[in-house]
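Chemist: Here you go, one structure.
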Amino acid sequence: MKKKHPCGSFEWEIWRMGADFGIKCLGCGRKVMIPRSKFEKSVKKIVKCIQPEDLEKPADK
């Protein structure tokens with residue numbers, strides 16, 4: 001996000017996508033819901049992307 005969270009963190013994790021986005025601050029754990037249009041304007045860059053098919057695969061031993 002372009003602006004940092006009041007706790008000082010710039011890093012967020014997306015936990016819900018749809019008409020609204022649910023994002024979680026990785027600094028303090030606070031969850032926030034924001035409209036898709038505001039989220040798309042506020043994103044600065046994607047640091048790490050996990051595809052849905054990666055979540056379903058078991059970890060290699």
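Chemist: Just add up the charged neighbours of residue 31: K/R +1, D/E -1, any other residue whose Cβ is under 11 Å from the Cβ of residue 31. Before the final figure, lay out each step's value.
Modeler: Details: positive: 16, 24, 30; negative: 13.
Surrounding charge for residue 31 is +2.
Chemist: Using 0.36 nm times the number of residues separating residue 9 and residue 47, minus their current alpha carbon distance, what extension gain do you get?
Modeler: Values: separation 38, 0.36 × 38 = 13.68 nm, distance 1.37 nm.
Gain on stretching residue 9 to residue 47: 12.3 nm.
Chemist: First select every other residue whose beta carbon is under 12 angstrom from the beta carbon of residue 41; then total the charges, Lys and Arg +1, Asp and Glu -1.
Modeler: Details: positive: 2, 3, 36, 38, 44; negative: 40.
Residues near residue 41 contribute +4 overall.
Read the figures in this text as sums done on the coordinates, not as results from a lab. Keep in mind that what you see is a predicted model, and the values were worked out from it rather than measured. FYI the Cβ positions are ideal-geometry reconstructions off the backbone, even for glycines, and counts take in every protein chain you see.
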